[in-house]
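Have a look at the structure below before the remarks.
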Amino acid sequence: MTTYAYDAMDNLTDVYQGVQHREFRYDQLGRLRTAKNPENGTTTYAYDKNGNLISKLSGNDYTCFGPVVTSPPACNASADFDSSGATNYYDALNRPTSKQYSDGTTPSVTYRYSEDLSGGPLNYQKGRLTSIVSGNTTIQFNSFDAAGRVLRHTQTTTGAVGSPYVFGYQYNTGGLLTQLTYPSGRVVSTTYDDAGRAGKVLGQLGSVSTAYAGPPTGKIYIQYAPHGAVSQMLLAGGTSETWQMNEQHGYNSRLQPTSISLATTAGTPVTIRNLTFGYGGAENNGNLLSQGIAGTGLASALSQSYQYDRLNRITKVGEGTTWNRNFDYDQYGNGWVSAYTPSSFAPDPSTPQSQGTINADTNQTGIAGSTWDGAGNLNNIGTGSFLFYYDAENRMIRSVLGSATVYQYDGQGRRVARIDCPSNMTTCDAATAGAAVTSFAYDAQGQLAAEYSNHPSSQPCTTCYLLADHLGSTRVMTDSIGTAVQCHDYLPFGEELLAGTSGRNGCYLPASGSGVLFTGKERDAETSLDYFGARYYSSAQGRFTSPDEFPGGIVDPFTDQQASQPGPLPYADITDPQTLNKYGYVRNNPLRYTDPDGHDWQDAVEFVAGVGRGVAASESFGAVGAPSESDSMSSRIGQAVGTGVVGVVGAIASVGGITGGVLTAPTGVGALAGGAVALKGAASAVGAAKNLGAILTAPMQRSSDSGSYTNTHESGAVYVGKGDRARSQASGRRVAKETGDKHVATDHTSASSSREGFKAESRRMDQARSEGKKLYNKRESPGKKMRQQDGEN
């Protein structure tokens, strides 16, 4: 059993779950001051007078929005309010201006606004975020149009191959991205149907035109299912739109994906891959029960079956009698492989294989020789394995096994370089002789657009297309005429099924690969870990290597979290105690859910539909056609990342065998679960071009976490509060339980900051009183005093 305790202001204060206790404490304004969790101990927060986060202390490292006092290491501000208000961390509009760290090694971050970087008279930069500077990388948003959409942006990374990377953007009157120009000069154009969905995708590099994705024969546009997900498109049209491959998606009456297929079009069609998905009949609760796999590289068609426990956690996977693997879990959501057949199908040595390999006090694995740091990060997987090192943001900066690989990040926390050091060197940088440098370039919305390297390409084809399954996992890589050059199948948590397993041969690999693989995330060859953005994931362990934490900073478009409002459990669903585990992966149901950014699980089916709808951007993006109030967060995220469709990244220079560019098709890996993606040269694609719309027009977007709400109960009485929608629902259940008065409706509005959320809460209470409604609130909102201080009614 899991029990929750709240204070009089409805703040979550304690969670009791078996031997684990999570403790949260707040100041008089309801702002989180300390969070104590089993995985990483105590984190302490401090705020300025406007409610902006000014410092975070986790372990021995301070993160400061402003200067750092290094003796002793701390932030240059009192943890309590004073007359100065410690406003040096933010500007007059409460926008963060700097972020620094006390460890002496993590690069500081500087945010700048309203700079004129275009050199022209019409930049429309006033009030907008124009640059982010950190360490070896500077991001500049050089130019905007009158609607605040980014027209040009530049990423400059010291030591990166071909840097700086310059991108250009054009939009139609509806705000959809119509042209995307990449650093090589390649221009990708997208046409749309009447519903604002991608209809055709074309590319131009110099005098050479290339058709990447288009409509089926006799159609004007790519075809879509009723819920907005792709149903059919043709791929690899070359210079004359002579399409080489046909991709089709099928759905059942509940709009769940039932099939994904890719076949050649020339002569007698050849099925490259046909995937089928079964959910059962009357017992269909959304869990995938079976998967069929047919096509190239298989001696015969295969069928996988899956079983689940009453908490919808996967407990068994198998391919007939050829092999099986069983999973079990403790009450905290920690999992392990409990059985497997045959003996030759043994798990990786780093995989937990009994409950005894899990520390129930901390949710950390106890594989022989593995250790963890004070912030809850995995230092090494086991005796004789890798050593991992982290910065003050808990980002992995180095992995060492004999030689080192160094990882570098920009001011938005995105990985911009991976540097393989020469033999037996335990650290290096891009200037080190003999170092192999891979650089990552991002578009203006922050999606990875291309990779560049100074070492020879191992790409198996000049232009490669990737077919992804319902989770976004790469299943087949083909060349431009439909020949399969790589095939991939997976165990539920992402480990690859290799050549020789159940008759797999030919295009299947003899050892686990690297590149864009499980759920469209990049798998590093050196560690076999998947880079999820916020942190790294081990498919062998079925869990993340670092705890899920809110870092603070510019608003996170996926979760709507912002710098001024950390929450007690920002990425957990308190109605599901399994998600309290900060290392857990997607509720231990990896065939149904995905994690787009390393923070928050999403329903893959709703995500697919959301990306297909694309044109309807999320609240934060504010493009064409706002989503419905009934849309899930999974759908909204899908809508946000799916708006617009295709990006082709041309390589900047012919260095170490890098030539050509990258294509990500309408259902690109990393953006939409399902669909083909093309790769050219040594670059790798993981995302589609997006509707950049308004993502950067207001860096501190309205945050649902800082919102206010009014819950109406069956008797007509109301309860008013501050917080996000999840909190409003939790309050509704709590008050209903206390009073016996059923919660029937919620009115929620986002706010620009924590302070504005409190003031809105106070106004709601005043309105309820003026209307003669009974209030279930036990005390006045702190927002009343704030309104008086600000001279507001």
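The values are calculated or read from the model by the stated rules, or taken from the named source; none is laboratory data. Just so you know, these numbers come straight off a predicted model, no measurement behind them. Please note: Cβ atoms are built from the backbone with ideal geometry, for glycine as well, and neighbour counts cover all protein chains shown.
Quick check on my filter: what residues within region 179-206 are within 29 Å of the chain's Cα centre (by Cα), modelled with pLDDT of 90 or more, surrounded by fewer than 19 Cβ atoms within 10 Å (Cβ to Cβ) and not in a strand (DSSP E or B)?
If the condition is that a residue be within 29 Å of the chain's Cα centre (by Cα), modelled with pLDDT of 90 or more, surrounded by fewer than 19 Cβ atoms within 10 Å (Cβ to Cβ) and not in a strand (DSSP E or B), then GLY185, ASP193 are the ones that fit.
Return the residues of region 345-383 that are β-branched (Val, Ile, Thr) and either exposed (fewer than 15 other Cβ atoms within 10 Å of the Cβ) or modelled with pLDDT of 90 or more (or both); say none if nothing qualifies.
THR351, THR357, ILE358, THR362, THR365, THR371, THR383 - these are the residues of region 345-383 that are β-branched (Val, Ile, Thr) and either exposed (fewer than 15 other Cβ atoms within 10 Å of the Cβ) or modelled with pLDDT of 90 or more (or both).
Pick from region 6-33 the residues that are without any contact (Cβ under 8 Å) to a residue 24 or more places away in the chain and either in the same structural domain as PRO782 (by TED's automatic domain parsing) or assigned to a loop (DSSP other than H, G, I, E, B) (or both): which of them is surrounded by the fewest Cβ atoms within 10 Å (Cβ to Cβ)?
ASP7
So which residues in region 354-377 are of a type outside the set (Asp, Glu), part of a loop (DSSP other than H, G, I, E, B), closer than 27 Å to ASP391 by Cβ and touching a residue at least 24 places away in the same chain (Cβ under 8 Å)?
Residues satisfying the conditions are THR362, ASN363, GLY374, ALA375, GLY376, ASN377.
Would you mind stating whether THR271 is in contact with a Gly (Cβ under 9 Å, 6 or more places away or on another chain), surrounded by fewer than 16 Cβ atoms within 10 Å (Cβ to Cβ), of a type outside the set (Phe, Trp, Tyr) and modelled with pLDDT of 95 or more? Before the answer, list the steps.
On the way: in contact with a Gly (Cβ under 9 Å, 6 or more places away or on another chain): yes; surrounded by fewer than 16 Cβ atoms within 10 Å (Cβ to Cβ): yes; of a type outside the set (Phe, Trp, Tyr): yes; modelled with pLDDT of 95 or more: yes.
It is true that THR271 is in contact with a Gly (Cβ under 9 Å, 6 or more places away or on another chain), surrounded by fewer than 16 Cβ atoms within 10 Å (Cβ to Cβ), of a type outside the set (Phe, Trp, Tyr) and modelled with pLDDT of 95 or more.
Consider region 263-308. How many of its residues are in contact with a Phe, Trp or Tyr (Cβ under 8 Å, 6 or more places away or on another chain) and within 20 Å of GLY214 (Cα to Cα)?
Within region 263-308, residues that are in contact with a Phe, Trp or Tyr (Cβ under 8 Å, 6 or more places away or on another chain) and within 20 Å of GLY214 (Cα to Cα) number 1.
Out of region 207-218, which residues are at pLDDT below 90 and surrounded by fewer than 17 Cβ atoms within 10 Å (Cβ to Cβ)?
If the condition is that a residue be at pLDDT below 90 and surrounded by fewer than 17 Cβ atoms within 10 Å (Cβ to Cβ), then THR217, GLY218 are the ones that fit.
Filter region 525-543 for residues that are assigned to a loop (DSSP other than H, G, I, E, B) and closer than 18 Å to GLY446 by Cα and give the result.
Passing the criteria: PHE532, GLY533, ALA534, ARG535.
Tally up the residues in region 719-750 that are of a type in the set (A, V, I, L, M) and surrounded by 22 or more Cβ atoms within 10 Å (Cβ to Cβ), please.
Going through region 719-750 one residue at a time, the tally reaches 2.
When you scan region 421-438, do you find a residue that is of a type outside the set (Ser, Thr, Tyr) and closer than 30 Å to GLY148 by Cβ, even just one?
No, there is no match, as no residue in region 421-438 is of a type outside the set (Ser, Thr, Tyr) and closer than 30 Å to GLY148 by Cβ.
Output the number of residues of region 305-353 satisfying the condition of being under 28 Å from the mean Cα position of the chain (by Cα) and of a type in the set (A, V, I, L, M).
Total satisfying the criteria: 4.
For region 494-519, enumerate the residues that are at pLDDT 95 or above and within 17 Å of the chain's Cα centre (by Cα).
Listed by number, the residues that qualify are GLY494, LEU517, PHE518, THR519.
What about LEU235, is it at pLDDT 95 or above, touching a Phe, Trp or Tyr at 6+ places or on another chain (Cβ under 9 Å) and in the same structural domain as TYR508 (by TED's automatic domain parsing)?
Answer is no for this residue.
If a residue has to be more than 15 Å from ASN11 (Cβ to Cβ) and either without any contact (Cβ under 8 Å) to a residue 12 or more places away in the chain or among the hydroxyl-bearing types (Ser, Thr, Tyr) (or both) to count, how many in region 739-765 make the cut?
8
Just checking, how many residues over region 253-262 are surrounded by fewer than 17 Cβ atoms within 10 Å (Cβ to Cβ) and of a type in the set (A, V, I, L, M)?
1
Hey, can you tell me all the residues within region 191-214 that are without any contact (Cβ under 8 Å) to a residue 60 or more places away in the chain and not hydroxyl-bearing (Ser, Thr, Tyr)?
ASP193, ASP194, GLY199, LYS200, LEU202, GLN204, GLY206, VAL208, ALA211, GLY214
Looking at (1) free of Cβ contacts under 8 Å to residues at least 40 places away in the same chain; (2) in contact with a His (Cβ under 7 Å, 6 or more places away or on another chain); (3) of a type outside the set (Lys, Arg), which is the one condition that is false for ALA229?
Evaluating ALA229 over (1) free of Cβ contacts under 8 Å to residues at least 40 places away in the same chain; (2) in contact with a His (Cβ under 7 Å, 6 or more places away or on another chain); (3) of a type outside the set (Lys, Arg) leaves (1) as the failure.
Mind checking which residues of region 407-443 are out of contact with any Asp or Glu (no Cβ under 7 Å at 6 or more places or on another chain), among the hydrophobic types (A, V, I, L, M, F, W, C) and part of a loop (DSSP other than H, G, I, E, B)?
Of everything in region 407-443, those that are out of contact with any Asp or Glu (no Cβ under 7 Å at 6 or more places or on another chain), among the hydrophobic types (A, V, I, L, M, F, W, C) and part of a loop (DSSP other than H, G, I, E, B) turn out to be CYS421, MET425, CYS428, ALA430, ALA431, ALA433.
State all residues of region 762-793 that are among the aliphatic types (A, V, I, L, M) and either touching a His at 6+ places or on another chain (Cβ under 6 Å) or surrounded by 18 or more Cβ atoms within 10 Å (Cβ to Cβ) (or both); if no residue qualifies, say none.
Passing the criteria: MET765, ALA768, MET786.
Identify the residue in region 335-373 that is charged (D, E, K, R) and in contact with a strand residue (DSSP E or B) (Cβ under 8 Å, 6 or more places away or on another chain) and, among all such residues, is farthest from SER546 (Cα to Cα).
Result: ASP361.
Can you spot a residue in region 239-247 that is in contact with a Leu (Cβ under 9 Å, 6 or more places away or on another chain) and under 27 Å from ASP603 (Cα atoms)?
Taking every residue of region 239-247 in turn, at least one turns out to be in contact with a Leu (Cβ under 9 Å, 6 or more places away or on another chain) and under 27 Å from ASP603 (Cα atoms).
Are any residues in region 384-406 hydroxyl-bearing (Ser, Thr, Tyr) and either surrounded by fewer than 20 Cβ atoms within 10 Å (Cβ to Cβ) or outside any strand (DSSP E or B) (or both), and if so, which ones?
Those that are hydroxyl-bearing (Ser, Thr, Tyr) and either surrounded by fewer than 20 Cβ atoms within 10 Å (Cβ to Cβ) or outside any strand (DSSP E or B) (or both): SER385, TYR389, SER403.
Just checking, how many residues over region 241-252 are exposed (fewer than 14 other Cβ atoms within 10 Å of the Cβ) and within 29 Å of the chain's Cα centre (by Cα)?
Of the residues in region 241-252, 1 are exposed (fewer than 14 other Cβ atoms within 10 Å of the Cβ) and within 29 Å of the chain's Cα centre (by Cα).
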